[in-house]
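Take a look at the structure below.
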């Protein structure tokens, strides 16, 4: 762990991980993540600029998967911080190991008391008693890491501030120790389901990427890539029906993962062309609300 | 290059998009890392660094298309004034574009008859041939739009003229027909539906191409700055409810859903993480065991949260008709998020409509039922807040309790009837909060027959609520 003076904020940019946008895209394709131009482009830029990416979009469009896939292609370790209400410093950044410190002090008392107080104090506030949490772990790691801060919109606005220092300067200030700067710049992904507006300060530090439901062609390719043995024709039909359903006014539109589940189900049932009946019978895999299912069934059978 | 980007950022700011200085700098750095001749990459680089809100993406896209659209000799509108295009970027982009056009094979299209054009367009749509569709779009605009340099007509006019000549609706029918013939067998309704959607999608894409083509020509004629100015539209959150067009209403409705989810999330959060209660002695002692009996970590009791009840009372009279539609959508959206919501609508009589919204999943149907079935007219169908409130208090007053939050929506234009503002005063006494949302600009308040001030004194706040931004501010404040 390198400890520098708090003033030196700048971190050396590490070696670029990617050659170009196309390379990112191809590499992602190799790990079965089909990125469009926007996704690959932003991932590439994030690496070049050394900036975090804020990924927004509806649930189940592969935001988290993107981080995982990028970790895989760069051969980095994925460190994940799942956000939730009430997340605080001690769970996100670091915590002092109170129990161990207490023990240390108690063993000291047993000794003849010739130790200076300052000595003990310096001693108990050292690396040994520091419990690293995901954020600190990500910047102190020696090997390349991808840091995933999942569902960042779930933390309170106040807690967001915790992230700011690490996101802009890749460093963590611990009052007792000084500032810990990153050894290498991790690729940072923040995901958000947009349940609330994130603060300007946070947004400003990030590149913004909106991941939406895929276009027909891309969805078909995803189905083809992720569901082995599926015929091209069935994949095409699946993608078309899903697009059709997404156009309805539903409580929850089918996500990509649900599309894949559906395709797998159809395959298991040995269906090679979808007719209305099979579509209706298996709708419950695609849609999770009874009212949505009823609506979709009605729409699909009675045309116009 | 620097100047070009700066001009672009200024244009974004003019359109109301918040672009900070650091974001501007990021954009400058970002474009250095991407190949400049890759238009898509260039767009995404700028988008990722400058735009941090999905709702703003459309505005960004329009401005981008206008600002970096291609001018030059290949459009036969501006010939040879290369001096105006000092930047290499422009030229490089043009070359790129020209390279693509070359493959499209748009060379011999000029000699075709309109029928042949239609035929070619149809086969292009049939096969989903992108390059062909783009070439057809250019051809169609050149032929049918009748664009003349310097003519002060908006792009929508040209768009209308072009599309009218192509008659895309009947083309959709013909496409469907030929598909049916091709397959031979009868299509199942499902298949037919899917085919139709596919064609509709392609036709939409084609329309997009036509629009882009018209825009390009207009930019070539008038210059990017002027075009950007005419195309400047309010951001979704700045559209006024009272003057929203149909399209804007649709996008408002989409924007509403996340807002109510936000409201629900914020209220729930507030309930859980509000103030701390008194010391929880038992819990503290239990936790002290791990510190050797030292109560190092005091634990507190949290107050049991009570579920919030929402009572919405909305004016749906003619004077706020546009707002009323929006109000009803809001009520509908709220009702989906909260377990206990009761909604009432009034003109001069008042009626409860909670069940209308609960019974159906379809908002248009619910609104239709409210407008036709709810018994809201007492005498003449002109707003009478006083009477409506009085009846409300008589019939439902007992349901207003210390847990309820009352939302009153309307312009408080009472047609000089008695105000009966004591009802609002009573409400404030019994309810947890009473808020008033007024769709009129603040400067109109208390003018004419508006008595919002009189009611306002008894509420916990009157808020101007003309657009989504203001509604959002209110939601933030409420939580």
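Throughout, read-outs are computed from the coordinates displayed, never taken from laboratory work. Treat the numbers as computed from the prediction; the structure is a model and nothing was measured. Note: ideal-geometry Cβ built from the backbone for every residue, glycine included; neighbour counts use all protein chains shown.
With a 10 Å Cβ neighbour count serving as the proxy for reagent exposure, in which order, fewest first, do A:189, B:356, B:474 appear?
B:474, B:356, A:189
P(r) tail for segment B:2-68, what percent of Cα pairs lie past 15 Å?
45 percent
What number, in percent, do you get for the relative contact order of chain A if the mean sequence gap of Cα pairs under 8 Å and at least 6 apart is divided by its residue count?
24 percent
By how many degrees, between 0 and 90 and to the nearest 10, does the Cα long axis of helix A:21-30 differ from the longest principal axis of chain A?
70 degrees
For helix A:256-268, what angle does its Cα long axis make with the longest principal axis of chain A, in degrees from 0 to 90 and rounded to 10?
50 degrees
Normalized C-alpha radius of gyration of segment A:216-301, against 2.2 N^0.38 Å?
On the way: Rg = 11.8 Å, N = 86, 2.2 N^0.38 = 12.0 Å.
Ratio of Rg to 2.2 N^0.38 Å for segment A:216-301: 0.98.
For the residues B:433, B:243, what sequence is obtained by ranking on other C-beta atoms within 10 Å, fewest first?
Numbers: B:433 15, B:243 11.
Listing B:433, B:243 from fewest to most nearby Cβ atoms yields B:243, B:433.
Limiting things to C-alpha atoms, what are the Rg and the maximum Cα-Cα separation (Dmax) for chain A, in angstroms?
For chain A, the Cα radius of gyration and maximum Cα-Cα distance read 24.6, 91 Å.
Cut-off 10 angstrom, C-alpha nodes, Gaussian network model of chain A. Which of A:149, A:174, A:139 fluctuates the most?
Checking each option, the largest mean-square fluctuation is seen for A:174.
If we count other beta carbons within 10 Å of each Cβ, what is the order of B:164, B:215, A:196, fewest first? Walk me through the numbers on the way to the answer.
On the way: B:164 10, B:215 19, A:196 22.
Ordered from fewest to most neighbouring Cβ atoms within 10 Å, B:164, B:215, A:196 come out as B:164, B:215, A:196.
Only Cα pairs within less than 10 Å get springs; with that Gaussian network setup on chain A, which residue of A:193, A:284, A:270 has the largest fluctuation?
Result: A:270 has the largest fluctuation of those listed.
Cut-off 10 angstrom, C-alpha nodes, Gaussian network model of chain A. Which of A:30, A:249, A:292 fluctuates the most?
Comparing A:30, A:249, A:292 in the GNM, the peak value goes to A:249.
Relative to 2.2 N^0.38 Å, what does the C-alpha radius of gyration of segment B:349-420 come to as a ratio? Two decimals please.
With N residues counted in segment B:349-420, Rg over 2.2 N^0.38 Å equals 1.22.
Only helical DSSP H runs with n ≥ 4 go in: add -39500 (n - 2.57) per run for chain A, normalise by residue count and round the 222 nm mean residue ellipticity to 500 deg cm²/dmol.
One gets -14000 deg cm²/dmol as the mean residue ellipticity at 222 nm.
Return the tail of the calculated pair distribution for segment B:371-464, meaning the percent of Cα-Cα pairs more than 17 Å apart.
Value for segment B:371-464 (Cα pairs over 17 Å): 50 percent.
Please compute the contact order of segment A:142-235 in relative form: average sequence separation of alpha-carbon pairs under 8 Å and at least six residues apart, divided by the residue count, as a percent.
It comes to 33 percent, rounded to a whole number.
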